[in-house]
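Written out below as structure tokens is the structure these notes cover.
The values are calculated or read from the model by the stated rules, or taken from the named source; none is laboratory data. Please read all numbers here as calculations on a predicted model, not as lab measurements. Here the Cβ is made from the backbone with ideal geometry for all residues, glycine too, and neighbour counts use every protein chain on show. Side chains are part of the model used for accessible areas, which takes the heavy atoms of the whole protein and leaves out ligands, DNA and RNA. Shrake-Rupley method; radii C 1.70, N 1.55, O 1.52, S 1.80 Å.
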Amino acid sequence: MEDQSVGGDLFFILMGAILVFAMHGGFAFLEVGTVRHKNQVNALVKILVDFAISTTAYFLIGYTLAYGVGFFQSAETLVNGADYGPQGLLLVKFFFLATFAAAVPAIISGGIAERMKFLPQCLATALLVAFLYPLFEAFAWGGAYGGQDWLTGTFGAPFHDFAGSIVVHAVGGWVALAAVLRLGPRLGRFERGGTGFPPSSIPWLALGSWLLCVGWFGFNVMSAQALDGASGLVAVNSLMAMVGGILAAVVIGRADPGYVHNGALAGLVAVCAGSDIMHPAGSFVVGAIAGLVFVKGFEICQTRLKIDDVLGVWPLHGLCGLWGGLAAGIFGLEALGGLGGVSFLSQLAGSAVGIAWAFAGGLVVYSVIGAVIGLRLTPDEERRGADLSIHKIGANPEAEIIG
């Protein structure tokens, strides 16, 4: 029976890893549909290469920093060693968590689109996933540094982030903000009356959103990392937050398709932290508020603050992720229909540490790389587009002249 239990856990986590891996296709097509046609190939290549670099960096350094276990052992030890679990269970957990780690550069990619050099972003990805991301992961999920014990002793409960509203999404969003500020706006972005550049393809954008929405149920439900920990509450909370985000974006965004499809993602970002402890009605409210936060945050970011965040990843992941971390400490309370075991002050403290670490670390990483090898394409390369300038081929090669 024990072998069957381990096999069930292994298969359960593997399916989660595959679903979250598929989400990276969603990141790719969301960016493809949003950027201009001359930058679509670059969007596709970045997401795939970033995933490969992230997995390598996480395997070599990041996972060990987060959880204290490395992989430079014999295959026999990896499959049956005391630290790795029977049947290589820890290996499939690594695969699952590596897809989470790789989501951070995938998030950043959407903010820095259309003007970032390829090599600097590859270097940034390696540094972020090897060091910056796992060090906060170690605090939130690995029990490192004594931070969770201090929060429990001080506020009565640890920082709770079941599936990564802060650990993954807010970290990615706030690093992206630092990168976007360091890069500056695209050429001509704020010289067109503030209207911006229209999406190149609404169908591709919509496909990206759908892929992300489907994969998100693996992201959230499989975060239990054990078959007997799977919860219908997590699944339904994810569903209700998603539809809450959609409906809020429809109304507040006046049925704009970009807002609608990102509204679904806003709700899902926000529900990650408390999806295991909130009531479905509370999750709907959390998702609806996230839809509002995204739409208004994107408008303020683009029109008032003049921050050229191409896909709106700071409002979507940074702000909605922050809201999700705080919301777990509100709607997770028993008084509001939740399961309890959470403290708003712990959520506030943990969330603040996460976004401060991400923003400061992002500024350091992108500033150092910028000082050493530069970050931006030249003006001529940017006008030509990243596809031809970097990859020497466009999205429709037969119809384009390749110089």
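In this structure, is VAL342 on the phi < 0 side of the Ramachandran plot, outside any helix (DSSP H, G or I), in contact with a helix residue (DSSP H, G or I) (Cβ under 8 Å, 6 or more places away or on another chain) and open to solvent by 10 Å² or more (accessible area, probe 1.4 Å)?
Numbers: on the phi < 0 side of the Ramachandran plot: yes; outside any helix (DSSP H, G or I): yes; in contact with a helix residue (DSSP H, G or I) (Cβ under 8 Å, 6 or more places away or on another chain): yes; open to solvent by 10 Å² or more (accessible area, probe 1.4 Å): yes.
Yes: the conditions hold for VAL342.
Among LEU292, LEU311, which is in a helix (DSSP H, G or I), modelled with pLDDT of 95 or more and of a type outside the set (Phe, Trp, Tyr)? First the steps, then the outcome.
Values: LEU311 fails: in a helix (DSSP H, G or I).
Just one listed residue meets the conditions, LEU292.
Criterion first (open to solvent by less than 20 Å² (accessible area, probe 1.4 Å) and assigned to a helix (DSSP H, G or I)) does PHE96 satisfy it?
Yes: the conditions hold for PHE96.
Filter the stretch 44-55 down to residues that are under 18 Å from ALA113 (Cα atoms) and free of Cβ contacts under 8 Å to residues at least 60 places away in the same chain, then give me how many there are.
Counting residues in the stretch 44-55 that are under 18 Å from ALA113 (Cα atoms) and free of Cβ contacts under 8 Å to residues at least 60 places away in the same chain gives 3.
Can you name the residue in the stretch 220-237 that is under 18 Å from ALA140 (Cα atoms) and either outside any helix (DSSP H, G or I) or not small (Gly, Ala, Ser) (or both) and is also least open to solvent (accessible area, probe 1.4 Å) among such residues?
Taking the stretch 220-237 and keeping what is under 18 Å from ALA140 (Cα atoms), we get 220, 222-225.
Of the ones still in play, those that are also either outside any helix (DSSP H, G or I) or not small (Gly, Ala, Ser) (or both) are 220, 222, 225.
On the way: ASN220: 0, MET222: 26, GLN225: 46 Å².
Top of the filtered list is ASN220.
Among residues belonging to the stretch 377-392 that are assigned to a helix (DSSP H, G or I) and open to solvent by 40 Å² or more (accessible area, probe 1.4 Å), point out the one that is nearest to LEU183 (Cα to Cα). Before the answer, list the steps.
Of the stretch 377-392, the ones assigned to a helix (DSSP H, G or I) are 379-384, 386-391.
Within this subset, residues satisfying the condition of being open to solvent by 40 Å² or more (accessible area, probe 1.4 Å) are 379-381, 383-384, 390-391.
On the way: PRO379: 13, ASP380: 16, GLU381: 15, ARG383: 16, ARG384: 18, ILE390: 18, HIS391: 21 Å.
In this case the residue turns out to be PRO379.
May I ask you to verify whether THR55 is closer than 20 Å to HIS169 by Cβ and open to solvent by 10 Å² or more (accessible area, probe 1.4 Å)?
On the way: closer than 20 Å to HIS169 by Cβ: yes; open to solvent by 10 Å² or more (accessible area, probe 1.4 Å): yes.
It is true that THR55 is closer than 20 Å to HIS169 by Cβ and open to solvent by 10 Å² or more (accessible area, probe 1.4 Å).
Scan TYR63, TYR84, TYR58 and give me the residue that is without any contact (Cβ under 8 Å) to a residue 60 or more places away in the chain and either at negative phi or part of a helix (DSSP H, G or I) (or both).
Values: TYR63 fails: without any contact (Cβ under 8 Å) to a residue 60 or more places away in the chain; TYR58 fails: without any contact (Cβ under 8 Å) to a residue 60 or more places away in the chain.
It is TYR84.
So how many residues does the stretch 12-48 have that are over 17 Å from the mean Cα position of the chain (by Cα), under 23 Å from ALA126 (Cβ atoms), open to solvent by less than 10 Å² (accessible area, probe 1.4 Å) and aliphatic (A, V, I, L, M)?
0
Here are ASN262, ASN220, ASN237: which of them is over 19 Å from GLY173 (Cβ atoms) and polar (S, T, N, Q)? Break it down stepwise before answering.
Details: ASN262 fails: over 19 Å from GLY173 (Cβ atoms); ASN220 fails: over 19 Å from GLY173 (Cβ atoms).
Selected residue: ASN237, the only one of ASN262, ASN220, ASN237 that is over 19 Å from GLY173 (Cβ atoms) and polar (S, T, N, Q).
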